[in-house]
Amino acid sequence: MLRLATITLLFALLSNPAHASQPATDWQEAATLPDLGSMTQAAPAALLGQKLSGEWRGVLHYRDFGTDKAVRLPTVLVIDGASAALQLVFTYDDGPAKTVRSAEQWSLGSEGALFCMGKDAGPMAVSLLRSNEAGDLALVALGTGTENGAQVEVRSVVLRRGNTLDISRSTRLPKAEWLLRHVYRLSLQQ
């Protein structure tokens, strides 16, 4: 059941690339599934760096915890995959004369079973890792975290298709529906 929910979210992120720059209309909806037929089980060594390195531009869509409204921020993401751990530098345009920068490090365990996203995140169990020769990548990781003081399940999805990259985080309270908390929708700059 959990695998089906994971794949459903993955397909939802791929299902409508024409709306990649539009805010999510239904934060709880996980729609149709994409075709992963050309993707095979991935070899984890250096995989993230090979598939994700570069400069990406697009939009961060997120749910404001205070108002529960969708917010959009233009975003630039530079990923350096030269070492075993990815170095990510985010730059957000948060309004007139307000630029926000942050950095984090991602790593994938040598067996591809654990994935770490950032300094404050614990290791997550990789439930899906696929790639193909065309450069596409699908990674789904599950873990736990804290949100507004409550313990939640966390699902992170990293999905590259061609020159597009979606990175999302969903959370849920026990026995509740998954809520999409944020999604980056980015395009590779050549």
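The values are calculated or read from the model by the stated rules, or taken from the named source; none is laboratory data. The shown structure was predicted, so the numbers you read here are calculated from the model rather than taken from an experiment. Note: ideal-geometry Cβ built from the backbone for every residue, glycine included; neighbour counts use all protein chains shown.
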Checklist outcome for this item: Reported set for the stretch 49-94 where residues are small (G, A, S), crowded, with 17+ Cβ neighbours inside 10 Å and in contact with a helix residue (DSSP H, G or I) (Cβ under 9 Å, 6 or more places away or on another chain) is G81
Next on the checklist: I'd like the full set of residues that are under 15 Å from the mean Cα position of the chain (by Cα), aliphatic (A, V, I, L, M) and within 16 Å of A138 (Cα to Cα), limited to the stretch 87-113.
Outcome noted: L108
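Step by step: first the residues of the stretch 70-84, then only those that are more than 15 Å from the chain's Cα centre (by Cα) and at pLDDT 85 or above, then the one that is nearest to A125 (Cα to Cα). Which residue is that? Give the steps one after another, and end with the answer.
Start the filter on the stretch 70-84 by keeping residues that are more than 15 Å from the chain's Cα centre (by Cα), which leaves 70-74, 80-84.
Next, only the ones that are at pLDDT 85 or above stay: 70-74, 80-81.
Working: A70: 28, V71: 29, R72: 29, L73: 29, P74: 30, D80: 23, G81: 21 Å.
Only one residue fits best here, namely G81.
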Checklist entry - Does any residue in the stretch 172-185 that is farther than 22 Å from L73 by Cβ come within less than 8 Å, Cβ to Cβ, of a residue that is of a type in the set (F, W, Y) six or more places away or on a different chain, and which pairs are these? => result R172/W178
Checklist outcome for this item: Here the residues within the stretch 131-160 that are surrounded by 18 or more Cβ atoms within 10 Å (Cβ to Cβ) and either of a type in the set (K, R) or free of Cβ contacts under 8 Å to residues at least 12 places away in the same chain (or both) are R155, R160
Item to check | Count of the stretch 77-135 residues which are touching a Cys at 6+ places or on another chain (Cβ under 6 Å), assigned to a loop (DSSP other than H, G, I, E, B) and closer than 18 Å to R160 by Cα | outcome: 0
Checklist entry - For A125, are the conditions met, namely being small (G, A, S), in contact with a Gly (Cβ under 9 Å, 6 or more places away or on another chain) and free of Cβ contacts under 8 Å to residues at least 24 places away in the same chain? => result yes
